[in-house]
Amino acid sequence: MLFIIKMAIGCAAAFVITYILLKLLPGEMILMGHDRGRKFAQGAEVNIGKPTGVGFYFILVFLAASAVLCFLIEPVNTDKGFFESGNVMTGLGFGLIAVLAEMVTGWLDDRSKNPWNEYIKGALDVAVSLFGAFICVHFFGTRVYIAMTGTYFDIHPVLFYILAVILFVVSINATNATDGIDGLSGSLSVIAVVTTLIMGLMAGSCFDNNAVRLTVAFVPALAAYLIFNFNPSKMLMGDAGSRSLGFFIAFLLIYCRIPLLYFIVGLPFLCDGGISIVKITVGRLTKKKIILFKSITTPLHDELRKNRKFSVKKVWLTLVLAAVIINLVYILAAGLLRITGIV
């Protein structure tokens with residue numbers, strides 16, 4: 001009961017602090033950039049001039065709340081050395097630092113007068129992903145659970161490291177590419193994180209209650225931001241928000257030992273923003289000799305707006321409802337397997 005009370009207080013504090021910061025935007029003229037518009041993005045002109053990079057605020061609140069809940073309130077004792085393999089708490093701390101690093105790189109781009117070269121941003125994403133993958137392999141191990149059944153298997157550390165880097169990079173960029181419709185990326189991120197926690201607890205793969213603590217810090221901070229970001233939005237998370245959200249989603253999946261669940265929780269990101277990344281990458285690698293999805297405007301939310309004439313709110317509702325259905329069906333299917341005793 002005491003744990004629930006502490007989590008409720010932490011949840012309320014994360015929401016209130018984030019809301020106040022975003023309402024006031026302290027240091028806006030110094031800390032924030034303003035949207036420059038996006039080339040080829042449908043309807044991007046309406047966002048020009050809005051404060052961008054406000055992910056700086058809600059990610060800092062999330063990280064601070066996570067640190068308090070995980071390390072100061074009922075800290076977990078461990079008999080392992082600080083840098084010793086398997087020290088989950090050290091790995092968790094470094095993981096939060098990696099989220100901070102991803103946020104800072106995005107924030108610096110958001111507030112720069114000219115947008116950074118995408119190759120520079122890509123290199124920074126890879127650098128943080130390499131660090132994140134090392135954290136996961138060294139401190140969390142390489143055991144992988146199947147979220148639906150709770151069965152598990154071990155992967156060779158080298159292969160796990162490579163796959164973890166790929167997961168981080170894909171999640172970062174797919175989440176970033178989805179951030180083109182008011183409220184979309186944030187809403188999908190909340191759904192992904194909540195589903196990850198539920199499935200991690202159901203599979204019995206979470207190390208400890210820290211997955212709960214991270215979710216309790218994450219959801220209210222992002223919910224407070226969404227109040228200001230629903231259409232018509234007053235501010236934008238920018239790369240400071242979207243890139244760090246993508247990294248955290250992948251990190252939480254690995255922390256809960258269910259990285260394969262990204263094919264479920266990350267499916268909306270992959271279908272919306274992921275196809276845009278694939279289209280651009282293949283086009284550049286082949287010097288536009290091969291153009292995928294010729295008949296579809298990417299990201300998918302631009303296809304819905306430009307060619308299907310959906311309103312911003314209808315695009316948001318369509319993609320978020322699809323995500324809810326996909327995740328809910330998966331959770332119910334997993335629960336049914338356990339109730340019937342099949343697994």
* Asked: Can you give the percent of C-alpha pairs in the chain whose distance is more than 29 Å?
  -> 37
* Structure fact -> Cβ density ranking, 10 Å radius, fewest first, applied to Arg305, Arg143, Arg111, Arg284 yields Arg284, Arg143, Arg111, Arg305
* To do: Could you work out how far helix 184-203 tilts from the main Cα principal axis of the chain, as a 0 to 90 degree angle to the nearest 10?
  => 20
* To do: Which order do the peptides 314-326, 182-194, 202-214, 147-159 take when ranked by the mean count of other beta-carbon atoms within 10 Å per residue, highest first?
  => 182-194, 202-214, 314-326, 147-159
* To do: Measure nothing fancy, just the Cα-based angle from helix 312-339's long axis to the longest principal axis of the chain, in degrees from 0 to 90, nearest 10.
  => 20
* To do: Please determine, in degrees from 0 to 90 and to the nearest 10, the orientation of helix 275-285 with respect to the longest principal axis defined by the Cα atoms of the chain, where the helix direction is its Cα long axis.
  => 70
* Under 19 Å from the Cα of Lys314, which lysines turn up, not counting those fewer than eight places away in the same chain? -> Lys234, Lys306
* Asked: If each of Lys234 and Asn307 carries a label point 7 Å out from its Cα toward its Cβ, how far apart are those two points in nm?
  -> 3.6
* Structure fact -> FRET efficiency for Ile290 and Ala64 from the Cβ-Cβ distance with R0 = 56 Å, rounded to 0.05, comes out at 0.75
* Structure fact -> Violations at 29 Å Cα threshold for listed pairs Lys80/Lys121; Lys279/Lys313; Lys6/Lys50; Lys50/Lys313 -> Lys80/Lys121; Lys6/Lys50
* Could you give the nm distance between label points at Leu201 and Ile48, where each point is 7 Å from its Cα heading toward the beta carbon? -> 4.7
* Please work out the C-alpha center-to-center distance from region 92-162 to region 312-343 and express it in whole Å. => 26
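Since every read-out is calculated from the coordinates, none of them should be taken as a lab result. Bear in mind that the values here come from a model prediction, so they are computed numbers and not experimental data. No Cβ is skipped: glycine too gets one built from the backbone with ideal geometry, and neighbour counts run over all protein chains shown.
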